[in-house]
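In what follows, a single structure is set out as structure tokens and then discussed.
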Amino acid sequence: MVPADLLPQRLSEWFAARGWSPRAHQLAMIEKAKAGRDALLIAPTGGGKTLAGFLPSLIELYERPPRNAPAGVHTLYISPLKALAVDVERNLMTPIREMGLSIVAESRTGDTGEARKARQRIRPPDILLTTPEQLALFCAWEGAREYFADLSCVIIDEAHAMWPSKRGDLLALGIARLQTFAPRMRRVGLSATVDDPDLVRRWLGKNQDPPPEGGGVAEGDGEGSKPTSTASSPSGPPGHLPLQGEGLSVDLVLGSGGAQPVVEVLVSGGRVPWAGHTAQHAMAEVYDIIAASRTALVFVNTRFQAEFAFQELWKLNDEGLPIALHHGSLSAEQRRKVEAAMARGELRAVVCTSTLDMGIDWGDVDLVIQLAAPKGASRMVQRIGRANHRLDEPSRALFVPASRFEMLECRAAADAILENHLDGEPARIGALDVLAQHVMGCACSEPFKLVDLYDEVRTAGPYADLSWEDFETVVDFVSTGGYALRTYDRFRRIVEDKDGFWKARNAQAVQRHRMNVGAIVSPAVVNVRIGGGRRPMGGRKIGEAEEGYFEQLTPGDTFVFAGQVWRFNSLVGADAFVTPAPDKDPKMPSWGGSKFPLSTYLAGRVRKMMHDEAEWLALPPDVQEWMAYQKARSLIPDEDEMLLETFPRGKRFHMVMYPFEGRLAHTTLAMLLTRRLDRLGVGPLGFVCNDYALNIWSLKPMDELDLNDLFDQDMLGDDLEDWLNESFLMKRAFKACALVGGLIERRYPGEEKSGRQVTFSTDLIYDVLRKHQPDHLLLRCARADAATGQLDVARLGDLLARIKGRIRHAALDKVSPFAVPIMLEIGRERAPGDAASDMILAEAEEDLIAEALS
Amino acid sequence: MTTRFQLSDCGGLAVMVSERLVLLRGSGALWLEAERALVVADLHFEKGSSYAARFGQMLPPYDTRETLSRLEAEVAALAPATLIFLGDSFHDGAAEDRLAADDADRLRALSVGRDLIWAVGNHDADGPRALPGQVIDELSIGGLILRHEPEPGVQPGEVAGHLHPAARVSSGRGSVRKRCFVTDGQRLILPAFGAYTGGLNILDQAFSNLFAAPPLAGALGGKRVHAVGPRSLRPD
């Protein structure tokens, strides 16, 4: 029975009327709220998590005495997705109506109309549902302090997806600001299962609070809407999680888990291909499995894979099953159509990318298929959680490996999920470009004193260790650009008055800041429109694609997009014009989509599995055979060793390494090794990388090289610095930091600056700044971003430390079984960069000369 | 008519413009050997600071000294007797006043032992006021006519800037976008020399009425100027 002092009768009756009783974690959240404690709820999807977050607010609003003055916002809910905020508004209004409560809950996103936004400012709803970007806009509004003075609670949904990112940094700063406005505000986080909840607690909590008295973990006991629900949780027994986070101001509440998921690995026709990413070989079987299920989500890792799988499935679709496609390049309208059809239960399968990793609940999904390897156990648990949002039924998931190394990875991921081991994340240090944006926002809102803002910022978890020097550097950057050449002191964007208060210089500076708020920087995109001929007219928009994609195409080329074959006609401004080409075989060049690196944890498991022959028995016969051949012809390294093979092939000499650290870290390693090999005079000619291995080939043999020297950790010093400065990756990272930090702007009042223009000018700015002030704040930010994101330098550092003195060299006379997959990838890659761009120019020139001579 | 060109030892490209041999330098400058004249277009000095002055946008204020370094390197390499600025040398009318003192000194130093000629452009219609040199509208030199903005119609021997030409060059390997010279053998347009100057694709309409024959692009690569024909050009 529910204690009456926890749940008012009106609410208990609502539960009872549905034949439910409140779950333990829902009651625990109410207790935490009554005690005035911040709380993080970790529970799998489908456990009534959202309601658990809102119940304390509903109770407080229900019990609140009538007052004369109109009340401000009571609860602010923040979701990473606009669609989710709108969805939760709808889902929340249902119980509010059914309970007969007089509570107003409204969403506010970038899509909300101006009239509604204006009304929300004058008459705040009791519960406001919004996004981190809207919160940042509120923080830059002069009315913010008064507006949020009555705020009792902030709820962060999908906290696991937000905290380890720049958006998470911005959000943490926004929460710190809210706490200043409303000192008694409670913080509530809702999160899916994570490896280390303390990291999320630290992010969510108020730094510098004394350690909690009696804080700690409350356990849900699994008592759910149906009495039969038991079984262990995908989040593991509560004891697996650290029980006490020392010095954390946020209490942890664990939801009960559902049934153990059923995870299988599909070995289609008893064989696994040597190489590849598409799992084409298994498509017929995948189709049959879809046909035998109610509704399936088919996850892939890239947009290219999504388009490909969608095509293949429809080729086989004799029964005409409603199979849809969903990825980030499709137009928002098209995606919404698919989502709506899904919600109505009209679809049998959706082929999708990470766009459907989280968000709206679909009760009918009974199977999750992962085409090609999952790359990380945590992401996979999220994806599996999309199936069967009913706790008592196990989620079903099927992995379809596309190659032999992927087979190992899928097996490792399936085991990890069953054993409840998830990928760890490193602790987050708040980005300084994000802080710059926040400082400018604060100055737009109200005058501040430096020391006060510094103290406030450091209460945000990611900025707990921010030094005063860095803070001053950031403020100087916001004010004058932070240049050693003090040219801009007279043009300051924020100015200090005689009493030591800082504020925005003028209304123009404020307006420009508000137009450019946010920490998400998307690559420049072009609209894909139907139209052709010499003077294309604005035809129907079928989606968006990254600018670089069309740069590889020549008019007349065909490609697959939105599940159809199209002919590319022209690129005019920000529009790519295409016409349907239904009978053509698509040329289908490589399609940029997000490619996830293999998680460190999963990589470790794969290495272990490879070394342990007992584990081979779980693999299909052809994969076992492959590994046995490898053992006989080359060698299988120990778990803590790295295998390096050298062998000649044709006129070239190859060096193939198997670190299993993911494509990003491998690419960085290959770039650095190539520089060293060049200095050693072996004439490296090229390299290719995948998630498992890298392959460098050269003019001269590499058998005799001193490998410990070659892989010495000092390559992360000068070699890295030299290469990085020239790298297009740095330019891209710099552009993102310059946008977030407010150095350049996405939008000017009255005009849209196209992504194309931004691309060009930031490269120029980067080159000039690097030469004249290499220690500038934004270059520091860009280096830090490149090191963690694009280049995975941190991981490369760990790799070099791990393999020091543990490189097993096999000098072979021909290619080994393990090396076959990476040999097959040669020719599919191209490395952009200055050398490559000169090569393009030279080739174009040869073309001209040939033309002239013919 | 095929445009005649020849690679030179210094990485430049020698081309005929209206029966006159000129050298397109890898820096984007034009070298007239017989006259020992170096021509540069569209330097846009103080473009960075113009954003701070107008919008409060704090772009790195180092573009002027970067452009100056490039210019000094060319002067050191060629020792020109005349240095000709082909207009839009300053980004706006107040740019000269915003020059940092040491940058202004470097500019003055360039005038020692040689003539400075400032053709005016649309950004700097009055030319510099305090700096040494002669301010002109246009100039005839060695059978060529040098002016900022290309005139419409057939203009044999015209050398101009203003348009900031850039080429998107494509080969089987991919495509790159580079600043470039563009010429049909009659007229020559120089790339913008300034550190913060962007480029306009030479397939843009602005170029379409300037050339009788399909022009040749001299794209500025990392080490030299690459001759690129119409077949390898792409729109943006």
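Name every residue in segment A:136-171 that is aliphatic (A, V, I, L, M) and under 12 Å from the mean Cα position of the chain (by Cα), in order of residue number. Full working, then the answer.
Going residue by residue through segment A:136-171, those that are aliphatic (A, V, I, L, M) are A:136-137, A:140, A:144, A:149, A:151, A:154-156, A:159, A:161-162, A:170-171.
Passing the criteria: A:161, A:162.
Only residues that are modelled with pLDDT of 95 or more and farther than 18 Å from residue A:11 by Cβ were counted across segment A:74-105, and they come to 3.
Here residue B:11 fulfils each of the conditions (1) in contact with a helix residue (DSSP H, G or I) (Cβ under 6 Å, 6 or more places away or on another chain); (2) within 12 Å of another protein chain (Cβ to nearest Cβ) apart from (1). Test residue A:176 against the stated conditions and say whether it is in contact with a strand residue (DSSP E or B) (Cβ under 8 Å, 6 or more places away or on another chain), at pLDDT 95 or above and small (Gly, Ala, Ser). It is true that residue A:176 is in contact with a strand residue (DSSP E or B) (Cβ under 8 Å, 6 or more places away or on another chain), at pLDDT 95 or above and small (Gly, Ala, Ser).
One line per residue, one yes/no per condition, for (1) crowded, with 23+ Cβ neighbours inside 10 Å; (2) under 25 Å from residue A:44 (Cβ atoms); (3) out of contact with any Phe, Trp or Tyr (no Cβ under 6 Å at 6 or more places or on another chain):
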{"position": "A:365", "(1), (2), (3)": "yes, yes, yes"}
{"position": "A:370", "(1), (2), (3)": "yes, yes, no"}
{"position": "A:409", "(1), (2), (3)": "yes, yes, yes"}
{"position": "A:412", "(1), (2), (3)": "yes, yes, yes"}
{"position": "A:415", "(1), (2), (3)": "no, yes, yes"}
{"position": "A:426", "(1), (2), (3)": "no, yes, yes"}
{"position": "A:435", "(1), (2), (3)": "yes, no, yes"}
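Could you list, in sequence order, the residues of segment A:306-342 that are assigned to a loop (DSSP other than H, G, I, E, B) and surrounded by fewer than 23 Cβ atoms within 10 Å (Cβ to Cβ)? Outline the logic, then answer.
Kept after step one, since they are assigned to a loop (DSSP other than H, G, I, E, B), are these residues of segment A:306-342: A:316-322, A:327-329, A:331.
Within segment A:306-342, A:316, A:317, A:318, A:319, A:320, A:321, A:322, A:328, A:331 qualify.
I'd like to know if segment A:486-503 contains one or more residues that are at pLDDT 90 or above, hydrophobic (A, V, I, L, M, F, W, C) and touching an Asp or Glu at 6+ places or on another chain (Cβ under 6 Å). The answer is yes; a qualifying residue exists. Within this structure, residue A:642 fails the test of being farther than 24 Å from residue A:815 by Cβ, touching a helix residue (DSSP H, G or I) at 6+ places or on another chain (Cβ under 9 Å), touching a residue at least 60 places away in the same chain (Cβ under 8 Å) and crowded, with 16+ Cβ neighbours inside 10 Å.
Selection over segment B:200-223 of residues that are surrounded by 20 or more Cβ atoms within 10 Å (Cβ to Cβ) and within 11 Å of another protein chain (Cβ to nearest Cβ) gives a count of 6. Of all the residues in segment B:44-76, those that are of a type in the set (Gly, Ala, Ser), surrounded by fewer than 24 Cβ atoms within 10 Å (Cβ to Cβ) and in contact (Cβ under 8 Å) with a residue 12 or more places away in the chain number 3.
Just so you know, in segment A:744-779 the residues that are part of a helix (DSSP H, G or I), modelled with pLDDT under 85 and within 9 Å of another protein chain (Cβ to nearest Cβ) include one that is nearest to residue B:51 (Cα to Cα), and it is A:761.
For segment B:9-36: of the residues being at pLDDT 95 or above and in contact with a Pro (Cβ under 6 Å, 6 or more places away or on another chain), which is surrounded by the fewest Cβ atoms within 10 Å (Cβ to Cβ)? So, considering only residues that are at pLDDT 95 or above and in contact with a Pro (Cβ under 6 Å, 6 or more places away or on another chain), the one surrounded by the fewest Cβ atoms within 10 Å (Cβ to Cβ) is B:36. Scan segment A:627-644 and give yes if some residue there is acidic (Asp, Glu) and assigned to a helix (DSSP H, G or I), otherwise no. No, segment A:627-644 contains no residue that is acidic (Asp, Glu) and assigned to a helix (DSSP H, G or I).
Tallying residues that are modelled with pLDDT of 95 or more and not in a loop (DSSP other than H, G, I, E, B) within segment B:186-216 yields 3.
Kindly check whether there is at least one residue in segment B:51-71 that is of a type outside the set (Val, Ile, Thr) and away from chain A (no Cβ under 12 Å). So far as segment B:51-71 goes, yes, one or more of its residues are of a type outside the set (Val, Ile, Thr) and away from chain A (no Cβ under 12 Å). For segment B:178-199, the set of residues classified as within 11 Å of another protein chain (Cβ to nearest Cβ) and not hydroxyl-bearing (Ser, Thr, Tyr) consists of B:178, B:179, B:180, B:192, B:194, B:195, B:198, B:199, listed by residue number.
The residues of segment B:216-227 that are over 11 Å from residue B:178 (Cα atoms) and touching a strand residue (DSSP E or B) at 6+ places or on another chain (Cβ under 7 Å), listed by number, are B:216, B:227. Identification of helices (runs of 4 or more DSSP H) wholly contained in segment B:40-130 with 1 or more residues that are under 24 Å from residue B:181 (Cβ atoms) yields B:47-55, B:63-78, B:101-110. In the condition set (1) aliphatic (A, V, I, L, M); (2) more than 11 Å from every other protein chain (Cβ to nearest Cβ); (3) in a loop (DSSP other than H, G, I, E, B); (4) surrounded by 15 or more Cβ atoms within 10 Å (Cβ to Cβ), residue A:475 is compliant with all but (3).
Assess whether residue A:441 counts as being modelled with pLDDT under 95, out of contact with any strand residue (DSSP E or B) (no Cβ under 8 Å at 6 or more places or on another chain), crowded, with 20+ Cβ neighbours inside 10 Å and under 25 Å from residue A:132 (Cα atoms). Here the answer is no, as residue A:441 does not meet what is asked.
Does segment A:490-504 hold any residues that are basic (Lys, Arg) and within 9 Å of residue A:443 (Cβ to Cβ), and which are they? Outline the logic, then answer.
Our first condition is that a residue be basic (Lys, Arg); within segment A:490-504, this holds for A:490, A:492-493, A:498, A:503.
Passing the criteria: A:493, A:503.
Pairs meeting the criteria (first residue in segment A:132-145 and part of a helix (DSSP H, G or I), second residue surrounded by 23 or more Cβ atoms within 10 Å (Cβ to Cβ) and basic (Lys, Arg), beta carbons under 7 Å, at least 6 apart or on different chains) are A:134/A:108; A:139/A:177. For residue A:282, the conditions (1) on the phi > 0 side of the Ramachandran plot; (2) surrounded by 22 or more Cβ atoms within 10 Å (Cβ to Cβ) are fulfilled apart from (1). Among the conditions (1) touching a Ser or Thr at 6+ places or on another chain (Cβ under 9 Å); (2) among the hydroxyl-bearing types (Ser, Thr, Tyr); (3) under 20 Å from residue A:275 (Cβ atoms), the only one that residue A:667 does not satisfy is (1).
The values are calculated or read from the model by the stated rules, or taken from the named source; none is laboratory data. If you're wondering where the values come from, they're calculated on a predicted model, not measured in any experiment. Every residue, glycine as well, gets a Cβ built from its backbone with ideal geometry; the counts of neighbours run over all protein chains shown.
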